[in-house]
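Below is one structure, written out as structure tokens, with a few remarks after it.
The values are calculated or read from the model by the stated rules, or taken from the named source; none is laboratory data. Please read these numbers as outputs of a predicted model, since none were measured by experiment. Counting neighbours? That spans all protein chains shown, and the Cβs are built from the backbone with ideal geometry, glycine included.
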Amino acid sequence: MLKIDKFVTLGEFIINRQEDFPYAKGELTRLLSHMSIAAKIVHREVNKAGLVDILGDAGDVNIQGEDVKKLDIFANEQFIAALKTSGECCGVASEEEQNIITFDEKLAKEGKYIVCTDPLDGSSNIDVNVSVGTIFSIYRRISNTGQKAKEIDFLQEGKNQVAAGYIIYGSSTMLVYTTGKGVNGFTYDPSIGEFCLSHPDIITPLFGKIYSINEGNYIRFTEGVKKYIKYCQEYEPEANRPYTSRYIGSLVADFHRNLLKGGIFIYPKTATHSNGKLRLLYECNPIAFIAEQAKGKASDGKGNRILDIKPTSLHQRNSFFVGSFKMVEKAENFIMKIDGNKK
Ligand code: P6P
């Protein structure tokens, strides 16, 4: 682990790396700094959620048919407000919103970027104090500036992302992001109210010993997925197997652990989720961008690169295999050989 002799704040880092962002002129700086302000506010609420009456279901059910927790609503409001005031973002697609949110203010309509976000992923874990996260994905708009954002701005392939990241609210709060020039992690220091560079230039191990999948769905997996799971469990010490099974049920937490230690996360199609459960726009694409930038791999399990998939709807789901390059490659071999390319 690289020893950092002087802490570098997120703001300093972005300014120092300004030239990395092809559309410099401070645009990304403003976008990310507003996102980090919202992250600090959500950090505060998540860290005292057990102490105030902000837990428990808000009574609503979101468009995914899931009970909405009050913190989901709170986080959604915070990030949308932060993006609106940034003056760089003209619209947001959120897990919590059926349709895109467009900003009418003149300044916002001049914004060149749109953001897709899951404002509080894994929120069903909040009540039991398990790590949750915010996931975001930033694109240049396709529609002309000066008008409201359009849905076409959001239905871009993941390879068009100009930046992506997540905030994990865990034992510490971290912000991990990429602009296509590598992956860097920042740990929040509440005593100074800053995200400080703690994990520079993250590269995920080529191989790992961790596999993450909800084995409760085992009987509903395809034969290829079942055979890969058994491969992970076989006693082959010279091949570092059996692997360790680790599954938190919070994508950001499961992915972050595997990113640093090496491993594979799989959410394949099941009988109840014929296209998998995770959403392409604001879960698979941003995580896939980060994985590839950290020299990992992300596909649908059949060799189709996540970042090449053309979205057709805001909340579409996709099978998701992501993590250490060689582990994802091995899993794909099982799926393609045993399941073939059938949908
Ligand atoms: P399951 C949380 O609801 C989430 O969207 C991801 O964070 C997580 O990886 C997945 O669902 C867990 O789903 O079906 O295993 O509970």
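Computed values, structure above
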| quantity | calculated |
| --- | --- |
| Residues (more than 16 Å from the ligand (Cβ to nearest atom) and either under 28 Å from residue 170 (Cβ atoms) or touching a Pro at 6+ places or on another chain (Cβ under 8 Å) (or both)) located in the range 136-147 | 138, 139 |
| Residue in the range 15-24 that is touching a helix residue (DSSP H, G or I) at 6+ places or on another chain (Cβ under 8 Å), at pLDDT 85 or above and not hydrophobic (A, V, I, L, M, F, W, C) present | no |
| In the range 74-89, the residues that are in contact with a strand residue (DSSP E or B) (Cβ under 7 Å, 6 or more places away or on another chain), under 17 Å from residue 109 (Cβ atoms) and not in a loop (DSSP other than H, G, I, E, B) | 80, 83, 89 |
| Residues located in the range 245-292, provided they are acidic (Asp, Glu) and within 11 Å of the ligand (Cβ to nearest atom) | 254, 283 |
| Residues within the range 98-135 that are within 16 Å of the ligand (Cβ to nearest atom) and either more than 22 Å from residue 168 (Cα to Cα) or surrounded by fewer than 19 Cβ atoms within 10 Å (Cβ to Cβ) (or both), tallied | 6 |
| Contacts under 9 angstrom Cβ, first residue in the range 244-271 being at positive phi and free of Cβ contacts under 8 Å to residues at least 12 places away in the same chain, partner more than 11 Å from the ligand (Cβ to nearest atom) and part of a helix (DSSP H, G or I), 6 or more apart | none |
| From 177, 231, 188, residue being more than 16 Å from the ligand (Cβ to nearest atom), in a helix (DSSP H, G or I) and of a type outside the set (Gly, Ala, Ser) | 231 |
| Identity of the residue in the range 145-161, within 17 Å of residue 27 (Cα to Cα) and modelled with pLDDT under 95, that ends up surrounded by the most Cβ atoms within 10 Å (Cβ to Cβ) | 145 |
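One line per residue, one yes/no per condition, for (1) modelled with pLDDT of 95 or more; (2) crowded, with 20+ Cβ neighbours inside 10 Å; (3) more than 16 Å from the chain's Cα centre (by Cα):
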| site | (1), (2), (3) |
| --- | --- |
| 260 | yes, no, no |
| 266 | yes, yes, no |
| 274 | no, no, yes |
| 281 | yes, yes, no |
| 285 | yes, yes, no |
| 291 | yes, yes, no |
| 304 | yes, no, yes |
| 313 | yes, no, yes |
| 335 | yes, yes, yes |
